[in-house]
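The values are calculated or read from the model by the stated rules, or taken from the named source; none is laboratory data. This is a predicted model, so every value here is computed, not measured. Glycine also receives a Cβ, built like all others from the backbone with ideal geometry; neighbour counts cover every protein chain displayed. Protein only, heavy atoms only, side chains kept; ligands, DNA and RNA dropped before computing areas. Shrake-Rupley method; radii C 1.70, N 1.55, O 1.52, S 1.80 Å.
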Amino acid sequence: MKTQVYFSLLFLSLLLSGCGNESEESNNKSIQNETDNQEEITNVKGKEETEVDDEGINNEEKTIAYTYDNFKGTYAFFEDIPYESPIQYAFTFMDDYYIEGLKDSSYSVNEISNKEVVENVLQFDYFAPEGGGNGAVNGNLELELVEKNSEQTLFFPETGSVIYPITEQDLIEEGWKWPSELEILQAEKETQQESVEDSSSSADIIEAYNELDIALKVLLAATTVDERAMTPELLGFNLYYNFDGDALLVNIHSGAGVGHPWYAIKYDKETITPVEGVVYNGSLGYEDAFVDPTSVSKIDLYNRYMESKKSYDLAIENIVEYPEMTLSEYEDMRSEIE
């Protein structure tokens, strides 16, 4: 009704502006008509005010309870006049995702979480996984739903921009390559399935590692601290080891000379972690033996084993458990480091 009143007044003002070129009689008649019209406008305005008041009362009684479903759909920024100019940027809001992008570039699929609708304002967090050469992105988005003249638009308070409702067919007709909701859901299902399969595969490999002979597991763990442990069949070397508490102690040497470090290694269900080492260098005394403390996955170690399985299997003959290797003795040697 407000729109009707606005256009009625505009139309009336155009009529009145054209009366200045008429005769006095016409002017008198116009004045009379103006008076009559003014009364009519007053009546219309009064009626409108009554209707607006009634409308206001009705609005108070019938407050719209918006939900996220009211915001769902496909929307667009236009290059110029909405619906009369090409689409410049597009959005599609779905249950758990929203898509955005340009016509001639790849689109972004963003996961939605923590959706909250207060009156006509939607807020949610979003996350775009790493892909397409871009890093992962996350943030927060706020949209205001505006309904006017039976048209619904979405307003970005932060930028003052407005996006208009369109259909996916509109995008197709302009040559956009835009995924349907079904395609997004199918892709997500496949991603989840791959994740489950990868998880299952990883668990199987770790289990396979844990089921190896203890000597093989010790040798593979020793490769994380001493490259000599990767010598084919361990020819020319012996590997001594002992488990003391929650530590694995290893020592590889040829049986002659000095400079054969002792290493301490930690382990858990999935990884092997070098801790530190100590080495006796003759007249130089005891020194720290460098290790890279980065944890190594048992999956990587098992794959290393499978790549040279025959060599590692034959190396077992040169691996010896040595109970005399204790943490106490190890710490005594480290205490001598100056």
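Among the residues of region 241-271, what is the count of those that are in contact (Cβ under 8 Å) with a residue 24 or more places away in the chain, closer than 15 Å to residue 296 by Cα and open to solvent by 40 Å² or more (accessible area, probe 1.4 Å)?
Adding up the residues that qualify gives 3.
Could you identify the single residue in 92, 153, 159 that is of a type in the set (S, T, N, Q), out of contact with any Gly (no Cβ under 8 Å at 6 or more places or on another chain) and within 17 Å of residue 74 (Cα to Cα)?
Within the list 92, 153, 159, the selection yields 153.
What are the residues in region 203-240 that are surrounded by 17 or more Cβ atoms within 10 Å (Cβ to Cβ), among the small types (Gly, Ala, Ser) and either part of a loop (DSSP other than H, G, I, E, B) or in contact (Cβ under 8 Å) with a residue 60 or more places away in the chain (or both), if any?
Once the filter is applied, which keeps residues that are surrounded by 17 or more Cβ atoms within 10 Å (Cβ to Cβ), among the small types (Gly, Ala, Ser) and either part of a loop (DSSP other than H, G, I, E, B) or in contact (Cβ under 8 Å) with a residue 60 or more places away in the chain (or both), region 203-240 yields 215, 221.
If you go through region 107-115 one residue at a time, do you hit one that is in a strand (DSSP E or B), acidic (Asp, Glu) and under 19 Å from residue 180 (Cα atoms)?
yes
Mind listing just one residue for me: the one in region 77-111 that is under 25 Å from the mean Cα position of the chain (by Cα) and among the acidic types (Asp, Glu) and, of those, surrounded by the fewest Cβ atoms within 10 Å (Cβ to Cβ)?
At the first step, the residues of region 77-111 found to be under 25 Å from the mean Cα position of the chain (by Cα) are 77, 88-111.
Checking which are among the acidic types (Asp, Glu) leaves us with 95-96, 100, 104, 111.
Values: 95: 12, 96: 12, 100: 18, 104: 8, 111: 15.
This residue is 104.
Pull out all pairs, ordered by first then second residue, where Cβ-Cβ is under 9 Å, the residues are six or more apart or on different chains, the first lies in region 58-73 and is surrounded by 10 or more Cβ atoms within 10 Å (Cβ to Cβ), and the second is in a helix (DSSP H, G or I) and at pLDDT 90 or above.
64/70
Just the residues that are surrounded by 13 or more Cβ atoms within 10 Å (Cβ to Cβ) and over 17 Å from residue 253 (Cα atoms), please, taken from region 313-328.
Correct list: 313, 314, 326, 327.
Of the residues in region 272-289, how many are open to solvent by 30 Å² or more (accessible area, probe 1.4 Å) and touching a strand residue (DSSP E or B) at 6+ places or on another chain (Cβ under 7 Å)? Steps first, answer last, please.
Narrowing region 272-289 to residues open to solvent by 30 Å² or more (accessible area, probe 1.4 Å): 273, 275-276, 280-281, 283-284, 286-288.
Those still in the list that are touching a strand residue (DSSP E or B) at 6+ places or on another chain (Cβ under 7 Å) too: 273, 275-276, 280-281, 286-288.
Final tally of qualifying residues: 8.
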